[in-house]
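The values are calculated or read from the model by the stated rules, or taken from the named source; none is laboratory data. Bear in mind that the values here come from a model prediction, so they are computed numbers and not experimental data. Here the Cβ positions follow ideal geometry from the backbone for every residue, glycine too, while neighbour counts run over all protein chains shown.
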Amino acid sequence: MRIAIAPTEAEGTAIAARVLMERFEQGKALGVATGSTPLGLYEKLREAHAAGEFTLSGSSAYALDEYIGIDADHPERYRNVLATELVGEDKTGLKDEDLYTPDGLADDPAQAAADYEEAIAPGVDLQILGIGSDGHIGFNEPGGSLASRTHIGVLTEQTRTDNARFFDNDIDKVPTHCLTQGLATIMGAKKLLLLAFGEKKAEAMKQVIEGPVSAFWPGTILQHHPDVTIVLDEAAAGKLQLADYYKAIWDSWNK
Ligand code: F6R
């Protein structure tokens, strides 16, 4: 794992944008996360696109997950969130037909999961990840299979509480089910870029970086991936035992 610990979220976001622009092969498939963590990164990509330094034109983008049963025009439907952030010449150059999201409105969600798994094969070039306070990546909640493929997921109470801020702070408005890339699907990406900011993520990041691999903390599966870059701010790195060592390694490679 390459671990960057930045003083602030803004500096961490700038590092993540640099890593992505250096390492994502344009024209290939980019795995995109939703939630609040990558929003600053998407802003940087839009700026770089406007400056002519980066484009997703000719690339495809694959979402990590989607709520089941959310209205087609709901602003928190992940397809809509990602389209707002990334699609169009005035954004990153990504075309709407090149944005793939699991079909949360399908009559047969299990079939939609299988279709998505087929569409994403053999895996994206680079997958952007956030992490839940309970250690979920995608919506792979604690206790799920470490070898899962795209499937129907049930959100934990913790995740629905965390996400209520996107739904008028009303947990009852947060969907209960989702379609999510499985952990094995995520592990199929060539490169992974995980961002985590804020104290609420500190325990999950301690487990992901220094804990044992366990279905109880799904993000710990990343310890088995050969090409992971993790970008944290000081708050999310607050529980790491070897933080100074990780900083020294990062600095020695990024002089
Ligand atoms: C989003 C996703 C989730 C989020 C996680 C963190 O597509 O799959 O794993 O990355 O819930 O959310 P934020 O960034 O809002 O803290």
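The residues listed here are Glu118, Glu199; of these, the one that is more than 26 Å from Gly238 (Cα to Cα) and surrounded by fewer than 20 Cβ atoms within 10 Å (Cβ to Cβ) is Glu118. Among the residues of region 190-227, those identified as farther than 24 Å from Thr159 by Cα and touching a residue at least 60 places away in the same chain (Cβ under 8 Å) are Lys190, Lys191.
One residue alone among Leu39, Leu64 is within 16 Å of the chain's Cα centre (by Cα) and either closer than 20 Å to Ala10 by Cα or more than 10 Å from the ligand (Cβ to nearest atom) (or both), and that residue is Leu39. Could you list, in sequence order, all residues of region 73-92 that are out of contact with any strand residue (DSSP E or B) (no Cβ under 9 Å at 6 or more places or on another chain) and more than 27 Å from Lys200 (Cβ to Cβ)? Answer for region 73-92, where residues must be out of contact with any strand residue (DSSP E or B) (no Cβ under 9 Å at 6 or more places or on another chain) and more than 27 Å from Lys200 (Cβ to Cβ): Asp73, Glu89, Asp90, Lys91. Of everything listed in (1) away from the ligand (no atom under 16 Å from the Cβ); (2) more than 20 Å from Asn163 (Cβ to Cβ); (3) out of contact with any Lys or Arg (no Cβ under 6 Å at 6 or more places or on another chain), the single unmet condition for Ala113 is (1). Candidates are the residues of region 67-93 that are surrounded by fewer than 18 Cβ atoms within 10 Å (Cβ to Cβ) and among the small types (Gly, Ala, Ser); the one that is nearest to the chain's Cα centre (by Cα) is Ala83. For region 87-107, the set of residues classified as under 26 Å from Ser148 (Cβ atoms) and touching a helix residue (DSSP H, G or I) at 6+ places or on another chain (Cβ under 9 Å) consists of Leu99, Tyr100, Thr101, Pro102, Asp103, Gly104, Leu105, Ala106, listed by residue number. The criterion of being at pLDDT 95 or above, in a helix (DSSP H, G or I), of a type in the set (Gly, Ala, Ser) and surrounded by fewer than 23 Cβ atoms within 10 Å (Cβ to Cβ) does not hold for Gly12.
Restricting the first member to region 240-253 and to residues that are more than 18 Å from Gly211 (Cα to Cα) and modelled with pLDDT of 95 or more, and the second to residues that are aliphatic (A, V, I, L, M) and surrounded by 10 or more Cβ atoms within 10 Å (Cβ to Cβ), the beta-carbon pairs closer than 7 Å and six or more apart or on different chains are Lys247/Ile5; Trp250/Ile3; Trp250/Ala4. Residues that are of a type outside the set (D, E, K, R), in contact with a helix residue (DSSP H, G or I) (Cβ under 7 Å, 6 or more places away or on another chain) and part of a loop (DSSP other than H, G, I, E, B) were ranked within region 214-240; the one that is nearest to Gly132 (Cα to Cα) is Ala236.
Tell me whether region 54-76 contains one or more residues that are part of a helix (DSSP H, G or I) and either among the aromatic types (Phe, Trp, Tyr) or more than 15 Å from Pro38 (Cβ to Cβ) (or both). No: zero hits. Out of all the residues in region 139-148, is one or more modelled with pLDDT of 95 or more, within 13 Å of the ligand (Cβ to nearest atom), crowded, with 21+ Cβ neighbours inside 10 Å and under 21 Å from Pro75 (Cα atoms)? Within region 139-148, one or more residues are modelled with pLDDT of 95 or more, within 13 Å of the ligand (Cβ to nearest atom), crowded, with 21+ Cβ neighbours inside 10 Å and under 21 Å from Pro75 (Cα atoms). For the structure I just gave you, tell me whether Asp103 is more than 19 Å from Ala196 (Cβ to Cβ) and either assigned to a helix (DSSP H, G or I) or away from the ligand (no atom under 16 Å from the Cβ) (or both). No, not satisfied.
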